């Protein structure tokens with residue numbers, strides 16, 4: 001399958017944060033589709049965790065315990081998550097968190113996964129930071145997010161949309177449209193590590 005033929009779904013979570021004796025839990029999920037043209041928000045929901053949100057996490061995403069008090073759990077949203085990710089290449093920026101939270105659904109079969117963090121490092125190895133917001137700003141892509149309703153960083157739907165804007169730019173800037181989609185899953189980081197050593 002060529003990249004231009006692939007259907008992509010970006011997923012992003014915001015979390016309750018970690019604290020001594022407390023594991024992390026998701027408190028917001030969003031999934032945004034990209035079919036080579038426009039972006040479509042297909043899932044955007046707060047999630048109810050089993051314990052309070054830490055102060056540090058709340059300072060990042062501004063999600064309070066009151067805002068999620070009556071939200072569904074991730075397990076309750078499973079049918080919607082499954083449908084939104086079915087038969088799509090799953091995209092995330094720094095995908096470890098998303099993979100970890102989805103592991104509550106054993107054998108879910110989602111993927112292949114495209115992680116835009118190593119992809120951005122491979123294509124733009126000399127950027128000072130490859131954090132999602134920094135990469136978007138360094139590449140001058142903020143204008144593409146100005147039409148996204150109520151865009152703000154550390155909102156799951158906004159970050160998922162930004163991830164797809166970044167993926168589109170990385171594919172466009174390197175003219176990868178007719179390459180096999182599998183190349184997105186194994187970028188070479190040789191130039192990135194060389195730049196880091198310098």
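Just so you know, all these numbers are worked out from the coordinates, no wet-lab data involved. No experiment lies behind these values; they were computed from the predicted model shown. A quick note on method: Cβ atoms are made from the backbone with ideal geometry, for glycine too, and the neighbour counts reach across all protein chains shown.
Once you reduce the range 168-188 and the range 53-131 to the center of their Cα atoms, the two points are 21 Å from each other. Computing FRET efficiency as 1/(1 + (r/R0)^6) for residue 152 and residue 190, where r is the C-beta to C-beta distance and R0 is 35 Å, gives about 0.50. Projecting label points 7 angstrom from Cα along Cα→Cβ for residue 178 and residue 126 puts them 3.0 nm apart.
Sort 62, 50 by Cβ crowding within 10 Å, fewest neighbours at the top.
On the way: 62 12, 50 9.
The fewest-first ordering by Cβ neighbours comes to 50, 62.
In terms of the Cα gyration tensor, with a ≥ b ≥ c the square roots of its eigenvalues, is the chain rounded because a/c is under 1.5, prolate because a/b exceeds b/c, or oblate? Since a/c reaches 1.5 and a/b is larger than b/c, the shape of the chain is classed as prolate.
Angle of helix 156-173 to the longest C-alpha principal axis of the chain, folded into 0 to 90 degrees and rounded to 10: 10°.
For a quick check: sort 159, 172, 115 by the number of other beta carbons within 10 angstrom, fewest at the front.
Working: 159 26, 172 10, 115 21.
Lowest count first: 172, 115, 159.
For Cα pairs less than 8 Å apart in space and 6+ apart in sequence, what is the mean separation divided by the residue count of the range 3-197, i.e. the relative contact order in percent? Relative contact order comes out at 25 percent.
Each stretch of four or more DSSP H residues adds -39500 (n - 2.57); spread over every residue of the chain, this sum gives -9500 deg cm²/dmol at 222 nm.
With a 10 Å Cβ neighbour count serving as the proxy for reagent exposure, in which order, fewest first, do 150, 135 appear? It would help to have the intermediate numbers written out before the result.
Numbers: 150 7, 135 24.
Ordered by Cβ neighbours within 10 Å, fewest first: 150, 135.
Spin-label pair residue 145-residue 37: with each label point 7 Å from Cα along the Cα-Cβ axis, the two points sit 2.5 nm from one another. Report note on the peptides 117-123, 3-9, 70-76: ranked by the mean count of other C-beta atoms within 10 Å, highest first, their order is 117-123, 3-9, 70-76.
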